[in-house]
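As structure tokens, the structure follows; a few thoughts come after it.
The values are calculated or read from the model by the stated rules, or taken from the named source; none is laboratory data. Here the structure is a predicted model, which is why all the values come from computation and not from measurement. Neighbour counts are summed over all protein chains in view; Cβ atoms, including those assigned to glycine, are modelled from backbone coordinates with ideal geometry. Note: areas computed on protein heavy atoms with side chains; ligands, DNA, RNA excluded. Shrake-Rupley method; radii C 1.70, N 1.55, O 1.52, S 1.80 Å.
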Amino acid sequence: MSEVIVITSGKGGVGKTTSTANIGTGLALSGSKTVLIDTDIGLRNLDVVMGLENRIVYDLVDVVEGNCRVKQALIKDKRFDGLYLIPAAQTRDKTAVKPEQMIRLCDELREEFDYVLIDCPAGIEQGFRNAIAAADRAIVVTTPEVSAVRDADRIIGLLEANEVRNPKLLINRLRADMVKRGDMMSIDDIIDILAIGLIGVIPDDEKIVVSTNRGEPAICDSKSLAGQAFRNVVRRIKGEEVPFMSFSEDQGFVMKLKKLFGLKAN
Amino acid sequence: MLLDLRKIFGRSKSSKDVAKERLKLVLIHDRANVSPQFLEMLKSEIIKVITNYMDVDESALEIQLTKTRSDDGQSVVPALYANIPIKNIRKSGK
Ligand SMILES: Nc1ncnc2c1ncn2[C@@H]1O[C@H](COP(=O)(O)OP(=O)(O)OP(=O)(O)O)[C@@H](O)[C@H]1O
Ligand SMILES: [Mg+2]
């Protein structure tokens with residue numbers, strides 16, 4: 001049985017593409033045949049995050065316009081067995097694809113793949129409608145900030161209105177130190193507000209920047225905390241119950257002292 | 001005059017609590033506005049219940065979501081404001 005999962009957010013820059021790359025790589029590493037589709041037409045990015053930018057011949061628009069067969073547009077990631085990418089077109093805009101075309105394409109991909117992961121563009125316009133058209137499931141990415149959570153709430157409402165049921169939340173860029181000193185909303189705060197199920201929490205991690213520089217997803221880095229968190233997300237997607245990591249790093253002596261005296265720990 | 005001890009000791013509300021409070025308020029408005037029918041539905045349900053007890057001027061009935069200070073004055077909370085002109089109270093209560 002294959003599944004089409006859209007990774008969306010509303011607000012831009014919260015980590016949709018990073019999450020798509022990492023979760024997709026993780027699914028392939030766990031033995032599931034996976035294809036990633038970049039639907040951010042005009043602002044393609046998933047190819048560079050994956051390190052596959054030099055291999056592009058055909059793109060999503062070529063496929064839906066019939067300029068090539070689906071097979072020709074699938075870029076095989078040679079590093080990971082069973083991982084493929086269909087890149088977005090760079091010189092067109094979101095209106096070059098229609099929701100019905102996405103449904104047809106995904107139906108064809110379902111024959112061949114266990115998972116179809118769709119990287120959604122920011123916003124709630126045509127690009128969003130294309131990205132969710134064929135989705136069985138949705139992962140809504142947010143950061144622990146007022147604007148991102150607000151937009152996530154809007155997206156959750158729109159997903160439900162479009163019959164993409166039971167979306168799951170992925171909280172990205174959490175900083176345990178800031179949560180601890182009361183300067184960042186906690187996991188519970190966000191869940192309380194959005195009232196949806198959690199699929200994962202990814203810490204803010206420099207390694208994400210390093211791995212994006214290299215075009216090697218952080219999920220492959222056994223020392224990366226974000227990589228570990230993404231591995232847990234992959235296991236949850238495949239139906240496993242995995243406890244959520246606690247990001248409480250060891251507290252320094254000064255911090256403990258401050259706490260003892262009821263001062264805000266900085 | 002009341003002294004705000006929390007302010008004197010520099011223990012103001014944490015920024016995440018402020019964020020949470022603001023978010024809750026803004027989402028109440030967002031969620032109500034996502035469907036323009038929301039307030040209309042609410043309005044017709046309220047009229048349905050209230051007309052069991054009194055005659056109201058349905059055309060002048062006004063209802064909106066606003067904010068108000070909480071009882072302890074510490075925070076802003078969402079409020080449903082309804083202005084329902086009454087024409088007559090039914091004697092039987094039914
Ligand atoms: N957990 C993290 N820790 C540190 N940096 C991160 C993390 N997640 C994402 N980033 C950084 O945030 C930036 C935005 O990420 P990304 O491109 O994945 O967001 P996006 O939601 O796809 O953006 P867009 O809406 O433009 O498509 C990137 O520079 C990325 O490296
Ligand atoms: Mg992106």
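Phi angles across the range A:104-112 convert, under the Karplus curve 6.51 cos²θ - 1.76 cosθ + 1.60 with θ = phi - 60°, into 3J(HN,Hα) values of 4, 4, 5, 4, 5, 5, 4, 4, 9 Hz, Gly and Pro given as x.
From the square roots a ≥ b ≥ c of the eigenvalues of the alpha-carbon gyration tensor of the range A:81-120, which class results: rounded (a/c under 1.5), prolate (a/b over b/c), or oblate? Oblate, because a/c is 1.5 or more while a/b does not exceed b/c.
Across peptide A:128-138, the average count of Cβ atoms from other chains found within 10 Å of a residue's Cβ is 0.
Put simply, when A:203-210, B:80-87, A:10-17 are sorted by average Cβ atoms within 10 angstrom per residue, most first, you get A:10-17, A:203-210, B:80-87.
Highest average first, the peptides A:87-96, A:112-121 ordered by how many other beta carbon atoms sit within 10 Å of their residues are A:112-121, A:87-96. What FRET efficiency do you get for A:T91 and B:R31 if R0 is 41 Å and r is their Cβ-Cβ distance, rounded to the nearest 0.05? After rounding, the FRET efficiency stands at 0.60. Taking the full set of protein chains and a 1.4 angstrom probe, give the accessible area of A:R175 in square angstrom, rounded to the nearest 10. Result for A:R175: roughly 90 Å² accessible. For a test of the definition: using alpha carbon positions, the gyration tensor, and the 1.5 limit on a/c, classify the range A:63-190 as rounded, prolate or oblate. It comes out prolate by the Cα gyration axes.
If R0 equals 22 Å, the separation of the Cβ atoms of B:L42 and B:S70 corresponds to a calculated FRET efficiency of about 0.50.
From the alpha carbon centroid of the range A:119-155 to that of the range B:64-86 is 31 Å. From the square roots a ≥ b ≥ c of the eigenvalues of the alpha-carbon gyration tensor of the range A:3-265, which class results: rounded (a/c under 1.5), prolate (a/b over b/c), or oblate? Verdict is prolate for the range A:3-265. Contact order, relative form, for the range A:1-122: 45 percent (alpha carbon pairs under 8 Å, 6 or more residues apart, mean separation divided by residue count). Simple point charges give the picture: +1 on the Cβ of Lys and Arg, -1 on the Cβ of Asp and Glu, and for chain A a dipole about the Cα centre of about 580 debye.
Positive end of the dipole of the protein assembly as shown (Cβ unit charges, origin at the Cα centre): among B:V56, A:S32, A:M50, the Cα lying farthest that way belongs to B:V56. Find which of A:M1, A:I86, A:A148 sits farthest along the positive direction of the dipole of chain A, computed with +1 on the beta-carbon of Lys and Arg, -1 on that of Asp and Glu, about the Cα centre. Of A:M1, A:I86, A:A148, it is A:A148.
Over chain A, what is the relative contact order in whole percent, taking alpha-carbon pairs under 8 Å and six or more residues apart?
23
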